[in-house]
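Data first, discussion second: the structure below is written as structure tokens.
The values are calculated or read from the model by the stated rules, or taken from the named source; none is laboratory data. In this text, all values refer to a predicted model and were calculated from it rather than measured experimentally. Cβ placement follows ideal geometry from the backbone for every residue including glycine, while neighbour counts extend to all protein chains displayed. Protein only, heavy atoms only, side chains kept; ligands, DNA and RNA dropped before computing areas. Shrake-Rupley method; radii C 1.70, N 1.55, O 1.52, S 1.80 Å.
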Amino acid sequence: RSSDLSERDRMGFPPGVAQGMVMKAFKSFECLAQQDHERRVKDLEQKLKQQLDKELSEKMPVPALPEEVEIGSVVETVTADTEGAGNEPQEAVNKDASIGPPVESSEAAASQSRDEPSPLPREQEQFQKNPESYNGAVRENYIWSQDYTDIEIKVPVPMEVRKGKQVSVDLRSTSIRVAVKEGTSERVLMEGTLTHKINTETSLWSLEPGKCILINLSKNGEYWWNAILEGEEKIDIDKINKERSMAAVDDEEHAVLDRLNYDYHQKLQGKPQSHEQKVHEIDDRKSTR
């Protein structure tokens with residue numbers, strides 16, 4: 001047996017045989033893919049045709065079947081109804097015709113009710129439901145609210161009032177005057193003596209064009225007002241919310257509140273409070289010396 005391999009003894013397919021096998025397999029699978037594609041197209045066409053037939057059948061109106069009419073019974077019914085109507089007294093017909101008020105009078109009443117302004121709220125519970133009158137009240141020419149340090153007043157103005165030069169606002173420590181300019185004269189919207197003094201340096205006002213004049217009064221002391229102007233109706237201070245918001249507390253008071261809150265929780269847990277901790281710290285320093 002010879003150990004040398006010549007070109008005749010090389011392993012593998014003869015030239016062109018492997019390529020022919022691959023092409024044969026490729027063509028067989030290509031035929032199957034073509035058949036599968038044709039089948040899918042056929043199924044899709046069939047589905048589209050069924051859907052189109054269904055839509056056409058839904059759009060086409062179905063002719064109504066003719067109804068059978070019994071002429072004799074209809075004639076008898078009409079005759080009986082006519083005779084019954086003829087026997088009714090004329091007074092009943094006139095009575096039905098007179099039911100209901102005239103259309104013009106009802107329309108006039110509706111327009112009159114629309115023109116009448118809705119009554120102003122009178123109870124403090126009603127004021128508390130409106131953020132603009134919270135802890136305050138609604139008056140004829142303005143609406144006001146308050147917190148622990150400030151008062152906010154809204155005075156409505158006509159739609160044509162769009163610029164600040166069209167209004168006049170005079171804020172003094174004990175009085176207030178608000179007016180709109182009409183030509184050479186002024187129409188006063190709010191004027192009077194304040195029930196308490198205000199800080200004019202931190203009080204300010206602004207105009208919401210066509211809506212209202214917004215006035216912020218800075219209280220001269222931390223107490224609740226029962227009215228803005230002297231002589232007007234007072235609110236019941238016992239029915240307002242007297243809780244102070246954290247926004248109205250300064251830094252020093254914040255620190256005190258934080259310390260009290262800390263001591264409270266320490267006491268509940270049986271741990272030393274802030275002042276006791278300071279005593280322990282001093283004792284520790286002395287012992288280390």
> When you look at Val155, is it in contact (Cβ under 8 Å) with a residue 40 or more places away in the chain and assigned to a loop (DSSP other than H, G, I, E, B), yes or no?
Replying inline: no
>> Can you report the number of residues in segment 169-192 which are more than 15 Å from Ile153 (Cα to Cα), assigned to a strand (DSSP E or B) and either in contact with a strand residue (DSSP E or B) (Cβ under 9 Å, 6 or more places away or on another chain) or not acidic (Asp, Glu) (or both)?
In response: 6
> Of Glu201, Glu186, Glu230, Glu222, which residue is in contact with a Leu (Cβ under 8 Å, 6 or more places away or on another chain) and among the acidic types (Asp, Glu)?
Replying inline: Glu230
> In segment 135-152, how many are in contact (Cβ under 8 Å) with a residue 24 or more places away in the chain and open to solvent by 30 Å² or more (accessible area, probe 1.4 Å)?
Replying inline: 7
>> Filter segment 217-232 down to the residues that are of a type outside the set (S, T, N, Q) and over 34 Å from the mean Cα position of the chain (by Cα) and list them by number.
In response: Gly221, Glu222, Tyr223, Leu229, Glu230, Gly231, Glu232
> Conditions: (1) at pLDDT below 75; (2) within 30 Å of Arg139 (Cβ to Cβ). Glu253 meets all but one. Number of the miss?
Replying inline: (2)
> Residues Ala179, Ala227: which one is open to solvent by less than 30 Å² (accessible area, probe 1.4 Å) and without any contact (Cβ under 8 Å) to a residue 24 or more places away in the chain?
Replying inline: Ala179
> Which members of segment 213-224 meet the condition of being modelled with pLDDT under 95 and among the hydrophobic types (A, V, I, L, M, F, W, C)?
Replying inline: Trp224
>> Cβ contacts < 8 Å: first residue without any contact (Cβ under 8 Å) to a residue 24 or more places away in the chain, restricted to segment 269-289; second residue open to solvent by 100 Å² or more (accessible area, probe 1.4 Å) and among the charged types (D, E, K, R), any location; separation 6+ or different chain. Result?
In response: Gln273/Lys267; Ser274/Arg259
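Pull up segment 256-289, narrow it to residues that are of a type in the set (A, V, I, L, M, F, W, C) and at pLDDT 75 or above, then point me to the one that is most open to solvent (accessible area, probe 1.4 Å).
Taking segment 256-289 and keeping what is of a type in the set (A, V, I, L, M, F, W, C), we get 256-257, 260, 268, 279, 282.
Next cut, at pLDDT 75 or above only: 260, 268, 279, 282.
Numbers: Leu260: 93, Leu268: 118, Val279: 78, Ile282: 86 Å².
Going through the qualifying residues, I end up with Leu268.
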